[in-house]
């Protein structure tokens, strides 16, 4: 058992960097951000600005579908806007390099530059035609649903010290169970419950092997992903294809426009006009955050994930706590899986989650094991996905694969230290054995 | 609360860790449990705290027999424990750590952080345990973390407080502070079980002393007993408390370290401009509280850790940037701090462990293959020479006791021709008998003209072995002094007094602890940004 505390490590706070080194890091960080700004600015000026015919306009739609108040489209003169914003980015980048910025200020600048870049990208792609910006926003949120729920599941697992690579598998069985139950029984709510339960069951399998028999959690997670893929493929071929009409044609949750909120211009159609799963995301994000950081339950869960032996010595049941989180997280991941079938297209298809579980895992890490961070990461991934989709429709001269790569590139940059140091729970992935 | 242990027996396989132990803790006493490492003290306390179940025997609280199946039961019965390795969550605040398990909550299980903070403040005021409830534990020095552990136990209404080797990680001044707290707790009617193997401390603070040897209670006595008496009770035979060594005859400088700077795994400077030298035929001991850069210093010398600046010369040859093997082959012998992890491959046989750094050379290798017969023969000779008690040289090293494992490491390192011998914590977790032997061999090396560098956090060991003492604090050497320097002065150096630049603690800020008073000034991180 290697749970004994290294006292030396404790007496040396990681937060207190030696000043010269911290300064060096700030300097490099600022340089990287500056260089990035210049690079993006150049792209905005050259291909976006100068690559567009002078005088061409892009119409960016802000109306949405359900707004009571009509918001007119925003016309954007592509060339001048791209040139101007590109110049701003280049100048910002150049101005930035010589003087180091604090982490926070650096992140703000980076965020601002990225927003400008994305705006130019959209304008450029929509040059000479119309793009529904509100639709893009709504699509981003909806596509983020499985990522958000998957990431919340991952957070619950890892905060209690269990690494969950099986999120992908949980999404997949959730999607499958949602479709088959929703279709066979014809009750979408039962389908949703079934999806959640199937996710929890897969999680219990992980718990049984990893907590009881101490199988390596990462390996077991991968095994479960393969297992989930295999069994859903098999059942799809054997059951869903032959009995397509009775077993694989569920209806889908209707969109619910929240009365009042949905009629706020721009915001309403983006945030408050979707099906129940998105609202579930809102609720769960808040609940998980509050529960983890402001309740007795959360304090104990985090203690178990950081230093299980210490938790045990004050009378907290380590294994039971981990099982509890495995079940809770499994339920949430299963709900995320339901999005793919009864939350969007209805019928199940082979490998319908197509790797979203792994992106959710990335969101957990990217988001620093916090719900709010994971939400931001999930939205980033969801946005890239939605943008790629809409650019494909517009026929933008940019391979969609590039955009699909963007979130992963962002993850690599983030993990490489651009966003900042994130620290996993102390006992993440380590089994707890009582001596 | 009167606590009684009756006939406690605990076996681990064939090993009897506790053999019918009887022990009574009276209310309002400091009861020292004195014994060597491996005598069964910690096992006994784990039984008492519900962490393990005894095979036989009974725990009696105020005349009532009780059973503690989990620590929760023990806590409820009024027993608190401060573990040798602190049971604190590094990323939690002091208040969060203290309330964990007995959380103050509002409705719906929401944490009442304000009340938790007030609880900590009250206890810290009442018993002179200065600590900031909002500080994050990992930023606190070890001495303060220990206070957090004590507050944790007090909040749970502990009437009997078990302190397991509480002084191992403290400076002499912090130890005095801790004794002050212990006395004030005793005077408030609580009892304290003080587990240790350090005779001086027992004599300083205990009211009664129970000596344990090989799982059995030898006797219960009072601090009136002399150190020599206590030592022989603890070991079972008369013990030499002083290392027998003549004056040193230093020769030419062998190890020269100049302006050495080393970073730890997190990129912080942990060895900060260290300059010192070791000459042939002398023992230089590096003293200091654990975690002040000593480990990184030895690792840098051995080429196990990259050097950020400065130079290390052995016999005039620059060693910075060389591989550990090159350093070893330059005539350096090395006993690492953690023998089970770095000193031995515990699953390998004794014989194989003895050739770990020589296996590729004759006589053990001929071309690409090993010569088992030579390996075996030399293993037999060396384990005899170094008094390694074993049943077979083919047994895995894990089968040996700590003391014998350490002799094994020493046997390997000293059977090569060496000019410099570096030993980190050479007797940690080693019984007194083996310690005597190890010390004797180290002194022998010195007398045969080897330069010896010892790193030890045991001040007694440093003082008895060293010809010169270098004291380290926060990565710097705060002083190089002769071994007859008064302990108090070495203690001050260990706490940073005399250091150049920041990190110096003026002596006036650490008042000697009187009853219930504690130095307040050091509730700040051990490592401030430089």
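Where a number appears in this text, it was derived from the coordinates with a stated rule and is not lab data. Note that the structure is predicted; figures quoted are calculated from it, not measured. Because the Cβ atoms are built from the backbone with ideal geometry, glycine has one as well, and the counts that use them run over all protein chains shown.
In peptide A:293-303, how many Cβ atoms from other protein chains are near each Cβ within 10 Å, on average? Display every interim value, and only then the final one.
Numbers: counts 1, 6, 7, 13, 5, 3, 13, 3, 0, 5, 8.
Shielding by partners across A:293-303 averages 6.
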Specify the angular offset, from 0 to 90 degrees and rounded to the nearest 10, of the alpha carbon long axis of helix B:113-126 from the longest principal axis of the alpha carbons in chain B.
-> 80
Under a plain spin-label model, where a point goes 7 Å from the Cα along Cα-to-Cβ, how far apart in nm are residue B:484 and residue B:345?
-> 4.9
Once the mean 1/r over all distinct Cα pairs of region A:274-337 is inverted, what Kirkwood radius in angstroms do you read off?
-> 12.9
Which whole-percent values make up P(r) of chain B when all C-alpha to C-alpha distances are grouped in 20 Å steps starting at zero?
-> 21, 52, 26, 2
Ranked highest first by average number of other Cβ atoms within 10 Å, how do A:324-331, A:167-174 line up?
-> A:167-174, A:324-331
Cα atoms only, region B:413-461: Rg and Dmax in Å?
-> 10.8, 29
Give me a single rounded figure for B:138-149: the average over its residues of other chain Cβ atoms within 10 Å of their Cβ.
-> 3
Give the angle, between 0 and 90 degrees and rounded to the nearest 10, that separates the Cα long axis of helix B:372-385 from the longest principal axis of the Cα atoms of chain B.
-> 60
GNM, chain A, Cα, under 10 Å: largest mean-square fluctuation among A:127, A:291, A:153?
-> A:291
State whether region B:210-257 is rounded, prolate or oblate according to the following rule on the C-alpha gyration tensor (a ≥ b ≥ c being the square roots of its eigenvalues): a/c under 1.5 gives rounded; otherwise a/b larger than b/c gives prolate, and the remaining case gives oblate.
-> prolate
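For chain A, what does the helix formula give at 222 nm: sum of -39500 (n - 2.57) over DSSP H segments with n ≥ 4, over the residue count, nearest 500 deg cm²/dmol? Present the calculation step by step, with values, prior to reporting the outcome.
Numbers: 17 runs with 270 residues, N = 435.
The per-residue figure over chain A is -20500 deg cm²/dmol.
Per DSSP H run of n ≥ 4, the term is -39500 (n - 2.57); total these for chain B, divide by its residue number, and report the mean residue ellipticity at 222 nm rounded to 500 deg cm²/dmol. Each step should come with its number before you reach the end.
Numbers: 16 runs with 156 residues, N = 530.
Dividing the helical sum by the residues of chain B leaves -8500 deg cm²/dmol.
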Compactness index (Cα Rg / 2.2 N^0.38 Å), region B:123-251 | 1.28
Just counting partner chain Cβ atoms within 10 Å, what average do the residues of peptide B:87-95 show around their Cβ?
-> 6
Cα-based helix-to-principal-axis angle, B:402-414 vs chain B, degrees rounded to 10 = 20
Hits in region B:92-116: amide N under 15 Å from the 7 Å Cα→Cβ extension of residue B:62, namely none
From largest to smallest, what semi-axes in whole angstrom does region B:220-358 give when each is the square root of 5 times an eigenvalue of its alpha carbon gyration tensor?
-> 33, 21, 18
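May I ask what percent, to the nearest 5, of DSSP beta bridges between residues of chain A are antiparallel? Can you show the working numbers first?
Details: 7 of 10 bridges.
Antiparallel bridges make up about 70 percent of those DSSP assigns within chain A.
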Please label the shape of region A:103-142 as rounded, prolate or oblate, based on the square roots a ≥ b ≥ c of the eigenvalues of the alpha-carbon gyration tensor (a/c under 1.5 means rounded; beyond that, a/b larger than b/c means prolate, else oblate).
-> oblate
Interatomic Cα distance distribution for the protein assembly as shown, bins of 10 angstrom, percent = 2, 10, 16, 19, 18, 15, 11, 7, 3, 0, 0
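Mind checking the alpha-carbon convex hull of region B:202-294 and giving the volume per residue in Å³? Intermediate results must be reported in sequence, preceding the final value.
Numbers: hull volume 17.4 nm³, N = 93.
Here the figure is 187 Å³ per residue.
For region A:23-128, what is the relative contact order in percent, using Cα pairs closer than 8 Å and at least 6 residues apart in sequence?
Working: 150 pairs, mean separation 46.5, N = 106.
This gives 44 percent for region A:23-128.
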So for A:114, A:247, B:100, fewest C-beta neighbours within 10 Å to most, what's the order?
-> A:114, A:247, B:100
Using every alpha carbon pair in region B:372-437, what percent of pairs falls into each 5 Å bin from 0 up to the bin containing the largest distance?
-> 3, 16, 28, 25, 17, 9, 2
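Considering only DSSP beta bridges where both residues belong to chain B, give the percentage that are antiparallel (nearest 5). Provide the component values of the computation, followed by the final result.
On the way: 46 of 82 bridges.
Counting only bridges with both partners in chain B, antiparallel ones make up about 55 percent.
As a test, work out the antiparallel percent of DSSP beta bridges whose residues both lie in the protein assembly as shown, rounded to the nearest 5. Walk me through the numbers on the way to the answer.
On the way: 54 of 93 bridges.
Among the beta bridges of the protein assembly as shown, antiparallel pairing accounts for roughly 60 percent.
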How big is region A:23-128 by Rg and Dmax over its Cα atoms, in Å?
-> 16.3, 53
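If R0 is 22 Å, what FRET efficiency do you get for residue A:290 and residue B:115 from their C-beta distance, rounded to 0.05? Could you put the intermediate results ahead of the total?
Values: r = 19 Å, r/R0 = 0.85.
Once rounded, the FRET efficiency stands at 0.70.
Mean shadow of region B:368-479, computed from the convex hull of its alpha carbons, in nm²?
Working: hull surface 36.2 nm².
Projected over every direction and averaged, the Cα hull of region B:368-479 covers 9.0 nm².
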Dimensions in Å of chain A - Rg and Dmax from alpha carbons = 23.6, 75
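When only C-alpha pairs under 8 Å and at least 6 residues apart count, what is the relative contact order of chain A, in percent? Walk me through the numbers on the way to the answer.
Numbers: 788 pairs, mean separation 104.4, N = 435.
Reported as a whole number, the value is 24 percent.
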